[in-house]
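In what follows, a single structure is set out as structure tokens and then discussed.
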Amino acid sequence: MSGPIRVLLCGDVMTGRGIDQVLPHPVAPRLHERWVRSALQYVALAERLNGRIERPVGFDYVWGDALDVLEREAPEARIINLETAVTTSEASWPDKGIHYRMHPGNVPCLTAARIDCCVLANNHVLDWGRPGLVETLETLQRAGIATAGAGRDRERADAPAVLRAGGDARVLVFALGHASSGIPSSWAAGAGRPGVSVLEDFSDASVAGLAARVRAVKRPGDVAVASIHWGGNWGYRVPDAHRRFAHRMIDEAGIDVVHGHSSHHPKGLEVYHERLILYGAGDLINDYEGIEGYAEYRDDLSLMYLPRLDRRDGRLLSLAMVPMQIRRFRLRRAAPDDAGWLRRTLDRECARFGCGVVAGAGRTLSLRWDAGRTGRG
């Protein structure tokens, strides 16, 4: 098979809490948050801002206009960071402020978008304990969705998801979570202990460990994605340690795409040695409508990232980004003014890395970079 590999990369998909409540099979709405005791309060906040949500919604409801985008672009690998447990477990993790879960009966909301891989190396997948993680793994497996970054033991948590991308091509998804995103150290998978593939630090040993994992699986024609949950939720600054580690993953570990997430809004992008680095993909789907606080970051706006990669060596050929807006827990195409705000914001942040963002066809955004500058400092 010839032609580029087309991939969908998304940041956090948070289908728990308020969103779970409007789907056909909600869990009990009781929460353990300091100020909010029922997930239905998040539904009420969204409705107060944007109007009533008829319940139950269909399983495809949350994707809205994104389904048309996926139908048109037809990505061969669809990768999201699923930031919720899929469980009915009541074993809420103690002393944790927020717990996300979605009922296993609502997993068709993921298959409705034909998601291929759910990254689970994040700070919410064990919100409902190790029983909740095991049920999440089992539920996604039954639904035919691959997982990466969490498992029943350390070996399976570290193993990549292997996605077929047409012909002999494969997309390998290695997922890791760093403590800077709020992942407790006790969540690390171990021998016979379910948990997360934790990235302990950005040291030489961590680079070497990832390189060994990639070498054990990657073969000519494969594209290796490092999907990493790191950093805080708000702010555009990219720590120098993150940038250095991203570069080393490409230079020394054989990674072709760095898929960073944890920030609730999109951050700057870089093209380094012709490889794509997303430092923070931002949330794609959440239940934050009506929550006041970080208006300057426009967390109602999100992006679908659609890179085209060289099938032979994983080089970035182009990147289209589709601006979306969340309204009543549903994705819709962002209006021109909102898409323009995203373009200007990303263009400003990408300029730090020698890239720019321009308006593309059909209300999309396109990444532009100077090939002669990629790989510098």
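Tabulated values for the structure
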read-out	value
Semi-axes of the equivalent ellipsoid for the range 109-174, Cα gyration tensor, largest first, Å	21, 15, 9
Counting DSSP beta bridges with both ends in the range 199-327, the antiparallel % (nearest 5)	60
P(r) of the range 94-236 over all Cα-Cα pairs, binned every 5 Å from zero, in whole percent	2, 10, 18, 22, 20, 15, 9, 3, 0, 0
Relative contact order of the range 206-269, defined on C-alpha pairs under 8 angstrom at six or more residues apart (%)	50
Electrostatic dipole magnitude of the range 164-282 [Cβ: Lys, Arg +1; Asp, Glu -1; Cα centre; debye, to 20]	240
Contour minus Cα-Cα distance for Arg352 and Asn50 (0.36 nm per residue)	105.1 nm
Sparse-neighbour loop sites [GluC sites (Glu not before Pro); the range 285-359; at most 15 other C-beta within 10 Å; DSSP]	Glu292
Length-normalised contact order for the chain - Cα pairs under 8 Å, 6+ apart - percent	17
Kirkwood hydrodynamic radius (C-alpha pairs) into Stokes-Einstein, the range 241-377, 20 °C and 1.002 mPa s, D in µm²/s	139
Cβ-based charge dipole, the chain, positive-most Cα from Val217, Ala361, Tyr236	Ala361
Å² of accessible area per residue within the chain, as computed with a 1.4 Å probe and no ligands counted	39
The range 1-151 - share of DSSP beta bridges that are antiparallel (%, nearest 5)	5
Free-standing Cys residues across the chain, given no other cysteine C-beta under 4.7 angstrom	Cys10, Cys109, Cys117, Cys118
Of all DSSP beta bridges in the chain, antiparallel share, percent nearest 5	50
Accessible area of Glu73 in the full protein assembly, 1.4 Å probe (Å², nearest 10)	70
Accessible-area order (highest first, 1.4 angstrom probe) of the listed residues Tyr294, Tyr61, Tyr272	Tyr294, Tyr61, Tyr272
The chain - charge dipole about Cα centre, Lys and Arg +1 at Cβ, Asp and Glu -1, debye rounded to 20	380
Estimated 222 nm signal from helices in the chain, with DSSP H stretches of n ≥ 4 weighted -39500 (n - 2.57), rounded to 500	-7000 deg cm²/dmol
Axial C-alpha extent at least 24 Å, average Kyte-Doolittle at least 1.0 - helices from the chain (DSSP)	none
Computed E for Asp337/Ser2 - FRET, C-beta separation, R0 30 angstrom, nearest 0.05	0.15
Size of charge dipole - the range 60-160 - debye, nearest 20, with Cβ of Lys, Arg +1 and Asp, Glu -1, no other charges	280
Added length on full extension, which subtracts the Cα-Cα distance from 0.36 nm per residue, Asp65 to Lys96	7.7 nm
Sulfur and carbon atoms: percent of accessible area, the range 136-232 [1.4 Å]	49
Estimated inter-spin distance, Ala143 and Ala241, nm [label 7 Å along Cα→Cβ]	3.4
Estimated inter-spin distance, Asp251 and His25, nm [label 7 Å along Cα→Cβ]	4.9
Neighbour-limited loop hits for GluC sites (Glu not before Pro), the range 1-58 (at most 13 other Cβ within 10 Å; DSSP other than H, G, I, E, B)	Glu54
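The values are calculated or read from the model by the stated rules, or taken from the named source; none is laboratory data. Keep in mind that what you see is a predicted model, and the values were worked out from it rather than measured. Note that each Cβ is placed from the backbone with ideal geometry, even for glycine, and that neighbours are counted across all protein chains shown. Quick note on the areas: whole protein, heavy atoms, side chains included, nothing else; ligands and nucleic acids left out. Shrake-Rupley method; radii C 1.70, N 1.55, O 1.52, S 1.80 Å.
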